[in-house]
1. DSSP beta bridges in the chain, what fraction antiparallel, as a percent rounded to 5?
2. So how do Arg130, Arg87 rank on accessible area, 1.4 Å probe, biggest first, that is with the largest at the start?
3. Rounded to whole Hz and in sequence order, give me ³J(HN,Hα) for segment 145-150 from the Karplus expression 6.51 cos²θ - 1.76 cosθ + 1.60, θ = phi - 60°, writing x for Gly and Pro.
4. Lys326: which lysines have alpha carbons under 17 Å from its alpha carbon, excluding same-chain residues fewer than 8 sequence positions away?
5. Quote the FRET efficiency, to the nearest 0.05, computed for Ser47 versus Arg130 with a Förster distance R0 of 22 Å and r equal to the Cβ-Cβ distance.
6. Would you grab the residues whose amide H sits under 5 Å from the one on Val199? Only those 5+ places off in sequence or on another chain, please, with H modelled 1.01 Å from N.
7. Calculate one ³J(HN,Hα) per residue across segment 172-177 by plugging θ = phi - 60° into the Karplus curve 6.51 cos²θ - 1.76 cosθ + 1.60, and present them in order as whole Hz with x for glycine and proline.
8. So what is the calculated 222 nm ellipticity per residue for the chain, using -39500 (n - 2.57) for each DSSP H run with n of 4 or more, over all residues, to the nearest 500 deg cm²/dmol?
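The values are calculated or read from the model by the stated rules, or taken from the named source; none is laboratory data. Here the structure is a predicted model, which is why all the values come from computation and not from measurement. For neighbour counting, all protein chains shown are included, and Cβ atoms are generated from backbone atoms with ideal geometry for every residue, glycine included. With ligands, DNA and RNA removed, areas are computed over all heavy atoms of the protein, side chains included. Shrake-Rupley method; radii C 1.70, N 1.55, O 1.52, S 1.80 Å.
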Amino acid sequence: MAHFKTRMTEVLGIEYPIMCGGLQNAANKELAVAISEAGGLGITNISMYPDLDDFRETVRWMRAHTAKPLAVNISMIPNIDMGDKIRQYLTICGEEGIDVIETSGKDPAEFVPIIHSYGMKSVHKVPMPRHALRAQKSGVDCVTIVGSEAAGHPAADLIGTMVVANKAVELCSIPVLVGGGICNGRSMAAALALGAEGVVIGTRFLNATECCISQNHKQWIIDHTEKDTILCQKAIRNMIRVAHNEAADQCLEMEKKPGVTLQDLMPIISGAVGREAYRTGDTSKGMFSVGQDIGLISDIKPAKEIVEELVRDAAAAADRLASIAKW
Ligand SMILES: Cc1cc2nc3c(=O)[nH]c(=O)nc-3n(C[C@H](O)[C@H](O)[C@H](O)COP(=O)(O)O)c2cc1C
(Lines give C-alpha, C1' and ligand atoms only; values in the text may rest on other atoms or scores of the structure.)
Protein backbone atom coordinates (compact mmCIF):
# COMPACT_ATOMS: atom_id res chain seq x y z
CA MET A 1 0.00 0.00 0.00
CA ALA A 2 1.10 3.54 -0.70
CA HIS A 3 2.24 5.76 2.16
CA PHE A 4 0.86 9.23 2.72
CA LYS A 5 2.32 11.79 5.06
CA THR A 6 0.57 15.14 5.28
CA ARG A 7 -0.06 17.67 8.02
CA MET A 8 -3.51 16.06 8.44
CA THR A 9 -2.07 12.59 9.10
CA GLU A 10 0.44 14.09 11.55
CA VAL A 11 -1.98 16.36 13.45
CA LEU A 12 -4.79 13.80 13.69
CA GLY A 13 -2.54 10.75 14.12
CA ILE A 14 -4.01 8.73 11.25
CA GLU A 15 -2.39 6.65 8.53
CA TYR A 16 -4.17 8.01 5.46
CA PRO A 17 -5.43 11.58 4.89
CA ILE A 18 -9.05 10.46 4.71
CA MET A 19 -11.81 11.41 7.13
CA CYS A 20 -15.46 10.49 7.04
CA GLY A 21 -17.69 13.56 7.41
CA GLY A 22 -20.38 13.54 10.10
CA LEU A 23 -23.37 11.79 8.54
CA GLN A 24 -26.67 12.44 10.25
CA ASN A 25 -28.45 9.11 10.86
CA ALA A 26 -25.80 7.25 8.85
CA ALA A 27 -22.54 7.52 10.84
CA ASN A 28 -23.15 4.42 12.92
CA LYS A 29 -20.56 3.01 15.27
CA GLU A 30 -19.69 0.00 13.10
CA LEU A 31 -18.93 2.25 10.13
CA ALA A 32 -16.83 4.57 12.29
CA VAL A 33 -14.73 1.72 13.67
CA ALA A 34 -14.28 0.14 10.22
CA ILE A 35 -12.99 3.40 8.71
CA SER A 36 -10.61 4.05 11.60
CA GLU A 37 -9.34 0.47 11.57
CA ALA A 38 -8.67 0.89 7.83
CA GLY A 39 -6.36 3.85 8.56
CA GLY A 40 -8.79 6.73 7.95
CA LEU A 41 -10.74 8.67 10.57
CA GLY A 42 -14.16 7.24 11.44
CA ILE A 43 -16.87 9.35 13.00
CA THR A 44 -20.25 9.29 14.65
CA ASN A 45 -22.76 12.12 15.00
CA ILE A 46 -24.34 13.29 18.27
CA SER A 47 -27.70 13.84 16.57
CA MET A 48 -28.12 10.07 16.24
CA TYR A 49 -28.51 9.37 19.96
CA PRO A 50 -31.67 9.84 21.99
CA ASP A 51 -29.80 10.92 25.12
CA LEU A 52 -26.38 11.43 26.69
CA ASP A 53 -26.27 7.94 28.25
CA ASP A 54 -26.94 6.31 24.93
CA PHE A 55 -24.22 8.43 23.34
CA ARG A 56 -21.72 7.54 26.10
CA GLU A 57 -22.48 3.85 25.66
CA THR A 58 -21.85 4.11 21.91
CA VAL A 59 -18.55 5.94 22.38
CA ARG A 60 -17.45 3.26 24.86
CA TRP A 61 -18.35 0.57 22.32
CA MET A 62 -16.32 2.33 19.63
CA ARG A 63 -13.37 2.85 21.97
CA ALA A 64 -13.46 -0.83 22.92
CA HIS A 65 -13.37 -1.86 19.26
CA THR A 66 -10.47 0.23 18.00
CA ALA A 67 -7.36 1.78 19.50
CA LYS A 68 -7.05 4.07 16.46
CA PRO A 69 -8.25 7.69 16.39
CA LEU A 70 -12.02 8.27 16.37
CA ALA A 71 -14.06 11.42 15.75
CA VAL A 72 -17.46 12.79 16.77
CA ASN A 73 -19.45 15.31 14.72
CA ILE A 74 -21.28 18.13 16.47
CA SER A 75 -23.44 20.02 13.97
CA MET A 76 -24.64 23.38 15.22
CA ILE A 77 -27.64 25.28 13.98
CA PRO A 78 -27.12 28.99 13.26
CA ASN A 79 -29.17 31.23 15.59
CA ILE A 80 -29.87 28.43 18.08
CA ASP A 81 -27.86 28.35 21.30
CA MET A 82 -26.94 24.70 21.93
CA GLY A 83 -24.03 25.65 24.19
CA ASP A 84 -24.92 23.68 27.34
CA LYS A 85 -25.82 20.58 25.38
CA ILE A 86 -22.60 20.77 23.37
CA ARG A 87 -20.51 21.14 26.54
CA GLN A 88 -22.16 17.97 27.91
CA TYR A 89 -21.34 16.01 24.75
CA LEU A 90 -17.78 17.33 24.74
CA THR A 91 -17.32 16.20 28.35
CA ILE A 92 -18.35 12.66 27.41
CA CYS A 93 -16.06 12.70 24.35
CA GLY A 94 -13.14 13.88 26.51
CA GLU A 95 -13.81 11.41 29.31
CA GLU A 96 -14.28 8.44 26.97
CA GLY A 97 -11.18 9.02 24.83
CA ILE A 98 -12.48 10.51 21.57
CA ASP A 99 -9.59 12.01 19.59
CA VAL A 100 -11.16 14.51 17.19
CA ILE A 101 -14.25 16.73 17.25
CA GLU A 102 -15.67 17.81 13.91
CA THR A 103 -17.92 20.86 14.24
CA SER A 104 -20.05 22.52 11.57
CA GLY A 105 -22.88 25.02 11.26
CA LYS A 106 -21.39 27.97 13.16
CA ASP A 107 -18.16 29.29 14.56
CA PRO A 108 -16.82 26.88 17.22
CA ALA A 109 -14.64 29.48 19.04
CA GLU A 110 -16.23 28.99 22.48
CA PHE A 111 -15.75 25.20 22.30
CA VAL A 112 -12.18 24.99 21.00
CA PRO A 113 -10.57 25.54 24.45
CA ILE A 114 -12.79 22.79 25.91
CA ILE A 115 -11.85 20.41 23.08
CA HIS A 116 -8.16 21.14 23.65
CA SER A 117 -8.45 20.84 27.43
CA TYR A 118 -9.17 17.12 26.93
CA GLY A 119 -6.27 16.73 24.47
CA MET A 120 -8.70 16.35 21.56
CA LYS A 121 -8.19 17.99 18.15
CA SER A 122 -10.67 20.33 16.55
CA VAL A 123 -11.69 20.15 12.88
CA HIS A 124 -14.26 22.69 11.72
CA LYS A 125 -16.18 22.37 8.46
CA VAL A 126 -17.14 25.43 6.38
CA PRO A 127 -18.58 26.11 2.93
CA MET A 128 -16.69 29.31 2.03
CA PRO A 129 -13.04 30.44 2.23
CA ARG A 130 -13.85 33.45 4.45
CA HIS A 131 -15.39 31.06 6.98
CA ALA A 132 -12.21 28.96 6.85
CA LEU A 133 -10.16 31.99 7.82
CA ARG A 134 -12.52 32.73 10.70
CA ALA A 135 -12.23 29.13 11.93
CA GLN A 136 -8.46 29.46 11.86
CA LYS A 137 -8.73 32.57 14.04
CA SER A 138 -10.93 30.57 16.43
CA GLY A 139 -8.01 28.21 17.03
CA VAL A 140 -9.15 25.02 15.33
CA ASP A 141 -6.44 22.50 14.38
CA CYS A 142 -7.69 21.82 10.84
CA VAL A 143 -10.39 23.38 8.70
CA THR A 144 -12.48 21.52 6.14
CA ILE A 145 -13.75 23.42 3.12
CA VAL A 146 -16.65 21.81 1.30
CA GLY A 147 -17.77 22.80 -2.20
CA SER A 148 -21.32 22.89 -3.50
CA GLU A 149 -21.20 19.36 -4.98
CA ALA A 150 -21.38 17.94 -1.47
CA ALA A 151 -24.18 16.24 0.36
CA GLY A 152 -25.50 18.37 3.19
CA HIS A 153 -25.47 22.14 3.50
CA PRO A 154 -23.63 24.14 0.80
CA ALA A 155 -23.23 27.93 0.97
CA ALA A 156 -25.94 29.99 -0.72
CA ASP A 157 -23.47 31.08 -3.41
CA LEU A 158 -23.04 27.47 -4.62
CA ILE A 159 -19.34 27.63 -5.49
CA GLY A 160 -17.73 24.32 -6.44
CA THR A 161 -14.97 22.44 -4.61
CA MET A 162 -12.28 23.28 -7.18
CA VAL A 163 -12.58 27.01 -6.46
CA VAL A 164 -13.34 27.14 -2.72
CA ALA A 165 -10.61 24.63 -1.90
CA ASN A 166 -8.06 26.46 -3.99
CA LYS A 167 -8.86 29.74 -2.28
CA ALA A 168 -8.94 28.27 1.24
CA VAL A 169 -5.44 26.81 0.91
CA GLU A 170 -4.19 30.21 -0.20
CA LEU A 171 -5.80 31.94 2.79
CA CYS A 172 -5.13 29.51 5.65
CA SER A 173 -1.90 28.48 7.33
CA ILE A 174 -3.52 25.61 9.29
CA PRO A 175 -4.09 22.30 7.45
CA VAL A 176 -7.00 22.52 5.01
CA LEU A 177 -9.08 19.41 4.33
CA VAL A 178 -11.31 19.29 1.28
CA GLY A 179 -14.74 17.73 0.77
CA GLY A 180 -17.51 17.79 -1.80
CA GLY A 181 -17.52 15.42 -4.74
CA ILE A 182 -14.54 13.41 -3.54
CA CYS A 183 -15.29 9.71 -3.86
CA ASN A 184 -12.35 8.05 -5.60
CA GLY A 185 -8.58 8.17 -5.85
CA ARG A 186 -8.56 10.63 -8.74
CA SER A 187 -10.61 13.22 -6.88
CA MET A 188 -8.59 12.60 -3.71
CA ALA A 189 -5.36 13.22 -5.64
CA ALA A 190 -6.89 16.35 -7.19
CA ALA A 191 -7.63 17.72 -3.71
CA LEU A 192 -4.06 16.98 -2.58
CA ALA A 193 -2.73 18.57 -5.79
CA LEU A 194 -4.73 21.71 -4.94
CA GLY A 195 -2.80 21.96 -1.71
CA ALA A 196 -5.18 20.14 0.64
CA GLU A 197 -3.71 18.09 3.48
CA GLY A 198 -6.48 15.52 3.26
CA VAL A 199 -10.04 14.77 2.23
CA VAL A 200 -13.44 14.58 3.93
CA ILE A 201 -15.80 12.09 2.35
CA GLY A 202 -19.51 11.58 2.97
CA THR A 203 -21.50 10.10 0.11
CA ARG A 204 -18.98 7.39 -0.82
CA PHE A 205 -19.06 5.96 2.71
CA LEU A 206 -22.88 5.61 2.56
CA ASN A 207 -22.22 2.66 0.25
CA ALA A 208 -19.90 0.95 2.71
CA THR A 209 -21.22 -2.44 3.79
CA GLU A 210 -21.08 -1.32 7.44
CA CYS A 211 -23.18 1.84 6.90
CA CYS A 212 -26.60 1.49 8.57
CA ILE A 213 -28.76 2.97 5.79
CA SER A 214 -30.96 0.40 4.01
CA GLN A 215 -29.91 -1.68 1.01
CA ASN A 216 -32.60 0.19 -0.97
CA HIS A 217 -30.92 3.51 -0.23
CA LYS A 218 -27.51 2.12 -1.25
CA GLN A 219 -29.05 0.76 -4.46
CA TRP A 220 -30.69 4.16 -5.09
CA ILE A 221 -27.22 5.69 -5.13
CA ILE A 222 -25.98 3.09 -7.62
CA ASP A 223 -29.03 3.50 -9.86
CA HIS A 224 -28.92 7.32 -10.06
CA THR A 225 -26.60 9.84 -11.65
CA GLU A 226 -24.98 13.18 -10.88
CA LYS A 227 -28.17 14.84 -12.17
CA ASP A 228 -30.37 13.26 -9.49
CA THR A 229 -29.66 15.49 -6.50
CA ILE A 230 -31.64 18.62 -5.70
CA LEU A 231 -31.40 21.62 -3.37
CA CYS A 232 -34.20 21.92 -0.80
CA GLN A 233 -34.99 24.16 2.20
CA LYS A 234 -33.87 27.39 0.49
CA ALA A 235 -37.07 29.10 1.64
CA ILE A 236 -36.11 28.59 5.28
CA ARG A 237 -32.48 29.62 4.63
CA ASN A 238 -31.13 26.18 5.44
CA MET A 239 -30.33 24.90 1.94
CA ILE A 240 -29.45 21.23 1.70
CA ARG A 241 -28.40 18.96 -1.18
CA VAL A 242 -30.44 15.75 -1.14
CA ALA A 243 -31.55 12.89 -3.35
CA HIS A 244 -34.27 13.96 -5.75
CA ASN A 245 -37.00 11.73 -4.35
CA GLU A 246 -40.71 12.22 -3.67
CA ALA A 247 -40.02 13.84 -0.29
CA ALA A 248 -37.75 16.43 -1.92
CA ASP A 249 -40.51 17.28 -4.43
CA GLN A 250 -43.05 17.62 -1.60
CA CYS A 251 -40.65 19.86 0.30
CA LEU A 252 -40.12 22.13 -2.72
CA GLU A 253 -43.88 22.33 -3.25
CA MET A 254 -44.43 23.39 0.38
CA GLU A 255 -41.61 25.92 0.10
CA LYS A 256 -43.69 27.84 -2.45
CA LYS A 257 -46.05 28.90 0.37
CA PRO A 258 -45.21 32.50 1.36
CA GLY A 259 -43.73 32.69 4.86
CA VAL A 260 -43.17 28.94 5.14
CA THR A 261 -41.41 27.98 8.38
CA LEU A 262 -39.17 25.16 9.59
CA GLN A 263 -42.12 23.87 11.62
CA ASP A 264 -44.25 23.66 8.45
CA LEU A 265 -41.63 21.49 6.76
CA MET A 266 -40.84 19.27 9.74
CA PRO A 267 -43.27 16.45 8.83
CA ILE A 268 -41.15 15.91 5.70
CA ILE A 269 -37.63 16.96 6.69
CA SER A 270 -37.25 15.92 10.34
CA GLY A 271 -34.37 13.64 11.29
CA ALA A 272 -36.88 11.16 12.70
CA VAL A 273 -38.58 10.75 9.31
CA GLY A 274 -35.20 10.24 7.63
CA ARG A 275 -34.14 7.69 10.26
CA GLU A 276 -37.36 5.72 9.77
CA ALA A 277 -36.89 5.75 5.98
CA TYR A 278 -33.35 4.33 6.36
CA ARG A 279 -34.80 1.64 8.65
CA THR A 280 -37.72 0.62 6.43
CA GLY A 281 -35.92 1.09 3.10
CA ASP A 282 -38.57 3.51 1.78
CA THR A 283 -36.47 5.77 -0.47
CA SER A 284 -39.45 8.02 -1.23
CA LYS A 285 -39.58 9.38 2.33
CA GLY A 286 -37.25 11.72 4.19
CA MET A 287 -34.44 14.05 3.18
CA PHE A 288 -31.71 11.69 1.92
CA SER A 289 -28.48 13.73 1.80
CA VAL A 290 -26.27 12.71 -1.11
CA GLY A 291 -23.68 14.58 -3.15
CA GLN A 292 -23.35 14.91 -6.92
CA ASP A 293 -20.70 12.18 -6.78
CA ILE A 294 -23.49 9.57 -6.70
CA GLY A 295 -22.88 9.60 -10.46
CA LEU A 296 -19.49 8.00 -9.82
CA ILE A 297 -20.52 5.35 -7.28
CA SER A 298 -21.43 1.94 -8.63
CA ASP A 299 -20.88 -0.57 -5.84
CA ILE A 300 -21.23 -1.43 -2.16
CA LYS A 301 -18.18 -2.75 -0.35
CA PRO A 302 -16.53 -2.85 3.08
CA ALA A 303 -15.12 0.47 4.32
CA LYS A 304 -11.65 -1.09 4.39
CA GLU A 305 -11.83 -1.77 0.66
CA ILE A 306 -13.11 1.75 -0.02
CA VAL A 307 -10.16 3.23 1.90
CA GLU A 308 -7.67 0.88 0.21
CA GLU A 309 -9.05 1.75 -3.22
CA LEU A 310 -8.88 5.49 -2.49
CA VAL A 311 -5.28 5.20 -1.34
CA ARG A 312 -4.15 2.99 -4.23
CA ASP A 313 -5.86 5.07 -6.91
CA ALA A 314 -4.76 8.41 -5.43
CA ALA A 315 -1.16 7.18 -5.44
CA ALA A 316 -1.57 6.05 -9.06
CA ALA A 317 -2.99 9.48 -9.99
CA ALA A 318 -0.02 11.13 -8.26
CA ASP A 319 2.36 8.88 -10.22
CA ARG A 320 0.63 9.87 -13.43
CA LEU A 321 1.07 13.55 -12.58
CA ALA A 322 4.73 12.99 -11.80
CA SER A 323 5.21 11.17 -15.11
CA ILE A 324 3.61 13.88 -17.24
CA ALA A 325 5.17 16.90 -15.55
CA LYS A 326 8.95 17.13 -15.74
CA TRP A 327 11.18 20.07 -14.91
C1 LIG B 1 -26.29 11.22 4.73
C2 LIG B 1 -25.44 12.42 5.04
C3 LIG B 1 -25.68 13.13 6.21
C4 LIG B 1 -24.87 14.23 6.52
N5 LIG B 1 -25.07 14.88 7.72
C6 LIG B 1 -24.21 15.83 8.11
C7 LIG B 1 -24.30 16.40 9.41
O8 LIG B 1 -25.18 16.05 10.21
N9 LIG B 1 -23.40 17.35 9.77
C10 LIG B 1 -22.40 17.75 8.92
O11 LIG B 1 -21.59 18.59 9.30
N12 LIG B 1 -22.30 17.24 7.67
C13 LIG B 1 -23.17 16.28 7.27
N14 LIG B 1 -23.04 15.74 6.01
C15 LIG B 1 -21.98 16.23 5.08
C16 LIG B 1 -20.71 15.38 5.17
O17 LIG B 1 -20.18 15.40 6.46
C18 LIG B 1 -19.63 15.88 4.19
O19 LIG B 1 -19.31 17.23 4.45
C20 LIG B 1 -20.08 15.75 2.74
O21 LIG B 1 -20.80 14.56 2.57
C22 LIG B 1 -18.88 15.76 1.79
O23 LIG B 1 -19.26 15.73 0.46
P24 LIG B 1 -19.54 14.36 -0.36
O25 LIG B 1 -20.87 13.89 0.09
O26 LIG B 1 -19.52 14.77 -1.79
O27 LIG B 1 -18.45 13.40 0.00
C28 LIG B 1 -23.83 14.64 5.64
C29 LIG B 1 -23.62 13.92 4.47
C30 LIG B 1 -24.39 12.81 4.17
C31 LIG B 1 -24.09 12.02 2.91
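1. Around 15 percent of the beta bridges assigned by DSSP in the chain are antiparallel ones.
2. Arg130, Arg87
3. Computed from phi, the couplings for segment 145-150 are 10, 10, x, 6, 5, 5 Hz.
4. none
5. Efficiency for this residue pair is about 0.25.
6. Ile18, Met19, Val178
7. Ordered by residue, 3J(HN,Hα) equals 9, 9, 6, x, 9, 9 Hz.
8. That comes out to -12500 deg cm²/dmol.
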